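A.B. asks: Questions regarding the structure given below will be posed in turn.
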């Protein structure tokens, strides 16, 4: 039987839409920039003290520091304070920027009962529903599809909120990531995908992990709005995340932002980072986002040295308080080890008792 020819459709050239040039956010004045600067300083000092605690074995397991990338989380928070966030590891800075207290973050790093996850999550699993911060996830790229579910839920509930999803350049090569982009664009989900491109996936430089080094162009495969952003400039991050969030909130669909940044420490505390070319770190430190904002406060807004010094003093007190709080907090009760494993069971009558908990006993 002869095969029936199926006519091909007319060839089309599809282009991804462009994000609006204006974010709709108010201009950054001296007070707002000083606030952003202070937030970055808090994250920096908490992370530096976390590094100290790790060397003293007060923090165990893995610990991935955010030093050098503070402007990304702080700028994004200034544009999406009331939205849902989800992140990977290296999320200590994201959590603080989103409103989780430095005390709760440091206590979680110490594995204490007063931590944001009751000391049972640690460095990679900081979580605070009240701050709309949904973790902290350890599987590279595995959390990106979860952002779609968060966005879908927000839309179904009529919340007018977007899901903001942070991940690294290494995660942008994972299959789950591509599937998430395809589904988000297909269903026009309100998601802002933020790739924090610090140029290293663990110790592998970008040019050795991806033939495409402009990672924002990944969006072209699904027709998604996208941009590259200067991640060393907290104001630029605030502006472009604001534009992307406004785009998604208005029902136009998701957006992918590749935010160019750089981490000053190794992948984790156990990484000496000897894979960097000589001189690269010193060069990147000249673009330290904290130095940029401090210089701008002086030169553009005329903020005095006395006021900048007062902010540094205040930040130091906050960071030291978080460290002491974590040290002095109690360890979790071992009997609660399985308390957060199971959600409440649903019965034929509705929500019933919680699932049976396997509590540790002296006999066990």
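The values are calculated or read from the model by the stated rules, or taken from the named source; none is laboratory data. All of these numbers come straight from a predicted model, not from anything done at the bench. Cβ sites come from the backbone with ideal geometry, for glycine too, and all protein chains shown count toward neighbours.
A.B. asks: Look through the range 85-115, keep the residues that are over 16 Å from the mean Cα position of the chain (by Cα) and not in a helix (DSSP H, G or I), and return whichever of them is surrounded by the fewest Cβ atoms within 10 Å (Cβ to Cβ). Don't jump to the end; show me each part of the working.
C.D. replies: Step one: filter the range 85-115 for residues over 16 Å from the mean Cα position of the chain (by Cα), giving 103-104, 106-115.
Narrowing the set further to residues that are not in a helix (DSSP H, G or I) leaves 110-115.
On the way: 110: 25, 111: 22, 112: 21, 113: 16, 114: 19, 115: 26.
This residue is 113.
A.B. asks: Name the residues in the range 313-341 that are within 26 Å of the chain's Cα centre (by Cα), more than 24 Å from residue 42 (Cα to Cα) and outside any loop (DSSP other than H, G, I, E, B), would you?
C.D. replies: none
A.B. asks: Restricting the range 328-347 to residues that are surrounded by 14 or more Cβ atoms within 10 Å (Cβ to Cβ) and in contact (Cβ under 8 Å) with a residue 24 or more places away in the chain, which is farthest from residue 57 (Cα to Cα)?
C.D. replies: The first filter runs over the range 328-347 and keeps only residues surrounded by 14 or more Cβ atoms within 10 Å (Cβ to Cβ), leaving 329, 332, 336-339.
After this cut, where a residue has to be in contact (Cβ under 8 Å) with a residue 24 or more places away in the chain as well, the list is 329, 332, 336-337.
Working: 329: 16, 332: 18, 336: 24, 337: 22 Å.
Only one residue fits best here, namely 336.
A.B. asks: Oh, and also: Out of (1) in contact (Cβ under 8 Å) with a residue 60 or more places away in the chain; (2) touching a helix residue (DSSP H, G or I) at 6+ places or on another chain (Cβ under 7 Å); (3) part of a helix (DSSP H, G or I); (4) more than 19 Å from residue 119 (Cβ to Cβ), what's the single condition that is false for residue 49?
C.D. replies: All conditions pass for residue 49, except number (4).
A.B. asks: So which of 140, 105, 144 ends up being at pLDDT 95 or above, more than 21 Å from residue 249 (Cβ to Cβ) and touching a helix residue (DSSP H, G or I) at 6+ places or on another chain (Cβ under 7 Å)? Quick ask: steps written out before the conclusion?
C.D. replies: Values: 140 fails: at pLDDT 95 or above; 144 fails: more than 21 Å from residue 249 (Cβ to Cβ).
One residue alone meets the criteria, 105.
A.B. asks: If residue 267 satisfies all but one of (1) in contact with a strand residue (DSSP E or B) (Cβ under 8 Å, 6 or more places away or on another chain); (2) surrounded by 22 or more Cβ atoms within 10 Å (Cβ to Cβ); (3) outside any loop (DSSP other than H, G, I, E, B), what's the number of the condition it fails?
C.D. replies: Condition (3) is where residue 267 drops out.
A.B. asks: Next question, about the same structure. Would you be able to tell me the number of residues in the range 174-212 that are assigned to a loop (DSSP other than H, G, I, E, B), at pLDDT below 95 and either within 20 Å of residue 88 (Cα to Cα) or in contact with a helix residue (DSSP H, G or I) (Cβ under 8 Å, 6 or more places away or on another chain) (or both)?
C.D. replies: Restricting attention to the range 174-212, the residues satisfying the condition of being assigned to a loop (DSSP other than H, G, I, E, B) are 174, 187-190, 198-199, 202-203, 210-212.
Retained after the next criterion (residues that are at pLDDT below 95): 174, 198-199, 202-203, 210-212.
Retained after the next criterion (residues that are either within 20 Å of residue 88 (Cα to Cα) or in contact with a helix residue (DSSP H, G or I) (Cβ under 8 Å, 6 or more places away or on another chain) (or both)): 174, 198-199, 202-203, 210, 212.
Of the residues in that region, 7 qualify.
A.B. asks: Now a separate question. With respect to residue 58, determine if the residue is over 21 Å from the mean Cα position of the chain (by Cα), in a helix (DSSP H, G or I) and within 17 Å of residue 322 (Cα to Cα).
C.D. replies: Details: over 21 Å from the mean Cα position of the chain (by Cα): yes; in a helix (DSSP H, G or I): no; within 17 Å of residue 322 (Cα to Cα): yes.
Considered against the rule, which asks whether it is over 21 Å from the mean Cα position of the chain (by Cα), in a helix (DSSP H, G or I) and within 17 Å of residue 322 (Cα to Cα), residue 58 comes out as no.
A.B. asks: Follow-up. Assess whether residue 215 counts as being farther than 30 Å from residue 312 by Cα, at pLDDT 95 or above and in contact with a helix residue (DSSP H, G or I) (Cβ under 8 Å, 6 or more places away or on another chain). Before the answer, list the steps.
C.D. replies: Numbers: farther than 30 Å from residue 312 by Cα: yes; at pLDDT 95 or above: no; in contact with a helix residue (DSSP H, G or I) (Cβ under 8 Å, 6 or more places away or on another chain): yes.
For residue 215, the condition - farther than 30 Å from residue 312 by Cα, at pLDDT 95 or above and in contact with a helix residue (DSSP H, G or I) (Cβ under 8 Å, 6 or more places away or on another chain) - is not met.
A.B. asks: Turning to a different aspect of this structure: Residues of the range 282-311 being part of a helix (DSSP H, G or I), under 24 Å from the mean Cα position of the chain (by Cα) and touching a residue at least 12 places away in the same chain (Cβ under 8 Å), which ones? Break it down into steps so the answer makes sense when it comes.
C.D. replies: Restricting attention to the range 282-311, the residues satisfying the condition of being part of a helix (DSSP H, G or I) are 282-285, 289-299, 305-311.
Keeping just the survivors that are under 24 Å from the mean Cα position of the chain (by Cα) gives 284-285, 289-294.
Across the range 282-311, the qualifying residues are 284, 285, 289, 290, 292, 293, 294.
A.B. asks: Given the criterion at pLDDT 95 or above, surrounded by fewer than 19 Cβ atoms within 10 Å (Cβ to Cβ), in contact with a strand residue (DSSP E or B) (Cβ under 7 Å, 6 or more places away or on another chain) and more than 18 Å from residue 171 (Cα to Cα), identify the matching residue among 225, 245, 250, 236.
C.D. replies: On the way: 225 fails: surrounded by fewer than 19 Cβ atoms within 10 Å (Cβ to Cβ); 245 fails: surrounded by fewer than 19 Cβ atoms within 10 Å (Cβ to Cβ); 250 fails: in contact with a strand residue (DSSP E or B) (Cβ under 7 Å, 6 or more places away or on another chain).
Within the list 225, 245, 250, 236, the selection yields 236.
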